[in-house]
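Trainee: Below is a structure I'd like to ask you about.
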Amino acid sequence: MKIRKLQLKNIGVFDDETIEFQPCPVKDKAEIHIFTGQNGSGKTTILTALAGVFDHTTSKNSLRKRFRKLNNVEEENKISVKFDNSVLINIDNSPNPPQTIVPNKDNISQDEFVALHSSTFNFPVSLNSPSPQNLTYAVFALSGYRHIQSEPIEAHKELKGFAPLSQALDFIKDYSQENQLSINQLIVNNISNRALAISDGSIEEAKKYEKVIKEIENVIFEVTGKETEFVLKRRPNELKIKIEDQELDFDVLPDGLRSLISWIADLLSRVDLLKWNDDLAITEKNLILLLDEIEVHLHPAWQRKVLPVVQKLFKNSQIFVSTHSPFVVNSVDDAWVYKLELENGKAKVAEVIKSEDGYSYSHVLSEIFDIDEEFGVGVQRDLVRFKELRNKILIAKNGSDKTQKEFLQLAKSLAIQSEELQTIIQFELRQLNKRTGKNLKI
């Protein structure tokens, strides 16, 4: 199940914007949609609206509350989403309940058809159900602003009442709620279940739990280049992480690593606990992932790797990403990049570009982020003044002594700051002398 169109009417900074989502042009590759733009241009609003489509009830009050959260205007608010199987979901704050329209019932299964017309549209089950059955797809909202931390855990905690989809659409999750298990506890349960399965001689079952843990550890390794292993300590029960032979508490890890572990471990653990209608590996499930700035706190070297790892890990997924990072945008081929622009306080999609990792970062900064400056603010300002003075000398063929003096002082000040600037200044001086017949030096 893939989302093909989103309409936002009076939602956040959007007046009336329709965004179409094209399929990935390459077969057997995760479909990725990347939203970029300045702060306040609506990147997170788009993700929040998409999450809301899968997490609403027919209660008009709850809908109005959600819309007030997104937009305070007293106008018609509407979110409309079109899926590739001809399902159209409309949510609005009109006097009538939100509508679920299925133009072609034959395109979806009978179970999905019934679920779509039930009181709750949740992919397509209740999010708080402890044991949703026969899922064909699932949707998860994840954020880089989360941090795993050291905490008391049990050697094994029963899943009684735990709902794997509860808070699945919350970018920041509250693990203190009754039907939640923390990331630490989810990891520990897999470690304990693996040990119990080995003890019982159930090797295949042990491999299943082992695979979840290894997938998490492999993601960490592929992004950071560091060999990691989760270690359950006894008396007292503690979960630690072993990084290159050193056992550490989560609290002392770099924020980027804590953030990465938080959302990837939560996602893989929950997907594994769901009851699917197939026997595919958890990495081959049909997922819709809403990723809000997952590069937060990551070093640029890690930012370059995080999205390719997700794309490779979940090849059957549709992934929506908000980011401020040129390293994320430039890290994958065949993704769709949406440039969001603000005009008079209102947002719109200015351009849609297919990503190609063959372009340089300077190209991405210029074309996607509209940043042409190559140096710091102070140096860039001095370079602009340097070129203004150069042009004055060119036009006058001579220029006043005052202009030439300021020009040479500025040239010298810039040239001593780096070899790169020295090369630029010397080149400009040679060209200026050649065109004017002068012999200006620094």
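Trainee: Starting from the Cα-Cα distance between Ile243 and Lys441, subtract it from 0.36 nm times their residue separation and give me the gain in nm to one decimal.
Mentor: In short, 65.8 nm is gained.
Trainee: According to a simple spin-label model (label point 7 Å from Cα along Cα-to-Cβ), what is the distance in nm between Glu388 and Asn39?
Mentor: Going by the 7 Å Cα→Cβ label model, 2.8 nm.
Trainee: For an R0 of 22 angstrom, estimate the FRET efficiency from the Cβ-Cβ distance between Asp278 and Leu159 and round to the nearest 0.05.
Mentor: Calculated transfer efficiency: 0.55.
Trainee: A further question follows. Please list 3J(HN,Hα) in residue order for the range 30-40, calculated via the Karplus relation 6.51 cos²θ - 1.76 cosθ + 1.60 where θ = phi - 60°; whole Hz, with x for glycine and proline.
Mentor: Using θ = phi - 60°, the values come out as 4, 8, 10, 10, 10, 9, 10, x, 5, 4, x Hz.
Trainee: Suppose every K and R has +1 on its Cβ and every D and E has -1 on its Cβ; what is the size of the dipole of the range 261-343 about the Cα centre, in Debye to the nearest 20?
Mentor: Working: 8 positive and 12 negative charges, 48 e Å.
Value, rounded to 20: 220 debye.
Trainee: Can you compute the FRET efficiency between Asp170 and Lys405 using 1/(1 + (r/R0)^6), with r the Cβ-Cβ distance and R0 = 56 Å? Round to the nearest 0.05.
Mentor: 0.35
Trainee: Each residue of the range 262-275 in turn: what ³J(HN,Hα) in whole Hz from Karplus with 6.51, -1.76, 1.60 and θ = phi - 60°, glycine and Pro shown as x?
Mentor: 4, 7, 6, 5, 4, 5, 5, 5, 5, 4, 5, 7, 6, 9
Trainee: When the chain is fully extended, how far beyond the present Cα-Cα distance does Ser202 get from Glu420, taking 0.36 nm per residue of separation?
Mentor: 72.2 nm
Trainee: Select from the range 136-224 those trypsin sites (Lys or Arg not before Pro) which occupy a DSSP coil region and have at most 10 other Cβ atoms within 10 Å, ordered by residue number.
Mentor: Working: sites: Arg146, Lys157, Lys160, Lys173, Arg194, Lys207, Lys208, Lys211, Lys214; in loops: Arg146, Lys157, Lys160, Lys173.
Filter output for the range 136-224: Lys160.
Trainee: Among Leu410, Leu421, Ala396, whose Cα sits farthest toward the positive end of the charge dipole of the range 368-442 (+1 at Cβ of Lys/Arg, -1 at Cβ of Asp/Glu, about the Cα centre)?
Mentor: Final value for the positive-end residue is Ala396.
Trainee: While we're here: Carbon-plus-sulfur fraction of the accessible area of the range 189-267, 1.4 Å probe, in percent?
Mentor: Here it works out to 45 percent.
Trainee: Quick one: which of 165-172, 344-351, 178-185 comes out on top by average Cβ neighbours within 10 Å, and what's the full order, highest first?
Mentor: Peptide ranking by packing, descending: 165-172, 178-185, 344-351.
Trainee: In terms of modelled amide H atoms, which long-range or inter-chain residues lie less than 5 Å from the amide H of Asp15?
Mentor: Placed amide hydrogens put Asn10, Ala347 under 5 Å from Asp15.
Trainee: Return one whole number: the accessible area per residue of the range 13-52 in Å², for a 1.4 Å probe.
Mentor: On the way: 1550 Å² over 40 residues.
On a per-residue basis, the range 13-52 sits at 39 Å².
Trainee: Taking K and R as +1 and D and E as -1, what net charge do the other residues with C-beta under 15 Å from the C-beta of Asp28 add up to?
Mentor: The answer is +2.
Trainee: To the nearest 20 Debye, how big is the dipole of the range 160-218 about its Cα centre, given +1 on the beta carbon of each Lys and Arg and -1 on that of each Asp and Glu? Please report the intermediate quantities before stating the final value.
Mentor: Numbers: 7 positive and 9 negative charges, 18 e Å.
It works out to roughly 80 debye.
The values are calculated or read from the model by the stated rules, or taken from the named source; none is laboratory data. Just so it is clear, the model here is predicted, and its values are computed rather than measured. Here Cβ is always computed from backbone atoms with ideal geometry, including for glycine, and neighbour counts include all displayed protein chains. In case anyone asks, the SASA skips ligands and DNA or RNA and just uses the protein heavy atoms, side chains included. Shrake-Rupley method; radii C 1.70, N 1.55, O 1.52, S 1.80 Å.
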